[in-house]
Amino acid sequence: MDLNGLIWTKNVKPIDGERWAYENIPTIYPDLNIFALHWRNLDHRDEINASKPQEGELIILRQHGKVTHIVQMLNKKVYIDQKAGNEFNIYRIVKVVWMADNWDIPPDAKEVFGCDINFPANGKAIQLDHLNEFHNRWNKQELTFQQHVQKVLNIH
């Protein structure tokens, strides 16, 4: 699998008392593993952030210090659900390219990223290259970050 577009990460959290966000994906097209990835909508900056990942780029989803998904952005459009009853009414359409197969022990973020990173807990999409710890770890390595992720997550 080509992970060259893996340049983003995003913290997600469950709503409505679920243990993990997107564990049981509320799919739009179940056979294709396509679903709506939500962002918090507190001000216009949240919508701007949701628009930053480009079509085809990949995002590692993190929660509770674990990596639970890698998703691919399917288009450039940011959707706003005016009927949503909570602040997470901005979303993008994504496709799952990898998902944890054991929800009791999903991979640790430190292992997947190859270093300890202090991620902001704001739920915004973050370009990996903008994280100092990530940049210091992966800037001069022979093995690319994408190759490392493929190996750690056993992605073929």
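Laboratory data are not the source of any read-out in this text; all were calculated from the coordinates shown. Note that this is a predicted model, so its numbers are computed, not measured. Positions of Cβ are generated from backbone atoms using ideal geometry, with glycine treated the same way; all protein chains shown enter the neighbour counts.
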Applying 1/(1 + (r/R0)^6) with R0 = 30 Å to the Cβ-Cβ distance of HIS156 and TRP103, what FRET efficiency is obtained, to the nearest 0.05? 0.90
Dividing the mean separation of Cα pairs under 8 Å (6+ apart) by the residue count of region 68-156 yields a relative contact order in percent of 23
Among ILE80, ILE90, ILE126, which one shows the highest mean-square fluctuation when the chain is modelled as a Gaussian network with alpha-carbon springs under 10 Å? ILE80
Within the set ALA36, ALA121, ALA50, GNM on the chain using Cα springs under 10 Å gives the largest fluctuation to ALA121
With log10 I(q)/I(0) by the Debye sum over Cα atoms at q = 0.09, 0.12 Å⁻¹ in mind, check (1) -0.36, -0.61; (2) -0.31, -0.55; (3) -0.27, -0.49 and report the label derived from this structure. (3)
Counting alpha carbon pairs within less than 8 Å and at least 6 residues apart, what relative contact order, in whole percent, applies to region 6-152? 27
Taking neighbour counts of Cβ atoms within 10 Å as a proxy for exposure, in what order, fewest first, do MET99, MET1 appear? MET1, MET99
Give me the number: length gained by fully extending GLN54 to ASN75, i.e. 0.36 nm times residue separation minus the C-alpha to C-alpha distance, one decimal in nm. 6.8 nm
For a quick check: with amide H placed at 1.01 Å from N, whose amide H comes under 5 Å from ARG40's, ignoring anything fewer than 5 positions away on the same chain? none
Please report, in debye to the nearest 20, how large the charge dipole of region 67-156 is about its Cα centre when each Lys and Arg carries +1 at its beta carbon and each Asp and Glu carries -1 there. 460
Label model pair GLU133, ASN86: point-to-point distance (7 angstrom along the Cα→beta-carbon line) in nm is 2.6
Most fluctuating residue of ASP16, ASP43, ASP81 in a GNM of the chain with Cα springs under 10 Å: which is it? ASP16
